[in-house]
Amino acid sequence: MTFLPDYATLLAFTAAALVLTITPGPDMTLFMSKTLTQGRLAGFAAVLGATAGLIVHTILAAVGVSALLAASALAFTLLKIVGAVYLIWLAYQAIRNGTSFSLEAAKAPKQPFHRVWLQALGVNILNPKIVLFFVTFLPQFVSASDPSAVGKLLFLGFYFVLLGMPICALMVIGASAFARFLKSSPGFMRAFDWAFAGIMGTFALKLLVAKANS
């Protein structure tokens, strides 16, 4: 089947995808915090939102938009600014309102499934780790002269999604077990708020200093 990469390429891609999936970032922080504060349904909503973002990245890479981003300094700079502003806003919200990891219903009312999904989608699409992965790394596994390049890019992107979903689901299931402990530790919860803000701010700074052709 022409859309399938060779065995060595698939093995290398699998290793890289697994490392990226287990590396902490905004996606992981979001669906873990949603699980801890609002339950597994919200956690799974965040996972599904992040997954939808991955599908968007896959399609963009397959049709060449990601390649255009990598080649256009202006387009990449605009993306960096939008992404950084969004992540900084999430960090500000965590510090000001303390909702990211607060387990008290009065302070952190449950959000509708679709709202959590949309938030996770936004974090994923503007996640520098994922953007740079699809823009600069994913195309390395496909030759530009390969007539089946589009099919292979689509296959690798969806394969990445299939690898990551079970891992993320296990994280959501495991995160729920910590809820009782966190409810009895308000100081620890506030530390989580600052940790969430710190992670979002760090990724925002990384996004701002990222180089389009790195």
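Against the numbered list (1) at pLDDT 70 or above; (2) closer than 23 Å to Trp89 by Cα, Met171 comes up short only at (2). Of all residues in the range 147-175, those that are without any contact (Cβ under 8 Å) to a residue 40 or more places away in the chain have Cβ atoms under 6 Å from Cβ atoms of residues that are of a type in the set (A, V, I, L, M, F, W, C), 6 or more apart or on another chain, in Ala149/Val142. So in the range 1-31, with the set limited to residues that are in a helix (DSSP H, G or I), surrounded by 15 or more Cβ atoms within 10 Å (Cβ to Cβ) and of a type in the set (Gly, Ala, Ser), which one is modelled with the lowest pLDDT? Within the range 1-31, the match that is modelled with the lowest pLDDT is Ala16. Taken over the range 32-53, the criterion of being in a helix (DSSP H, G or I) and not hydrophobic (A, V, I, L, M, F, W, C) is satisfied by Ser33, Lys34, Thr35, Thr37, Gln38, Arg40, Gly43, Gly49, Thr51, Gly53.
The values are calculated or read from the model by the stated rules, or taken from the named source; none is laboratory data. All figures in this text were calculated on a predicted structure; none of them were measured in a lab. In this analysis, Cβ positions are derived from the backbone assuming ideal geometry, glycine residues included, and neighbour counts consider all displayed protein chains.
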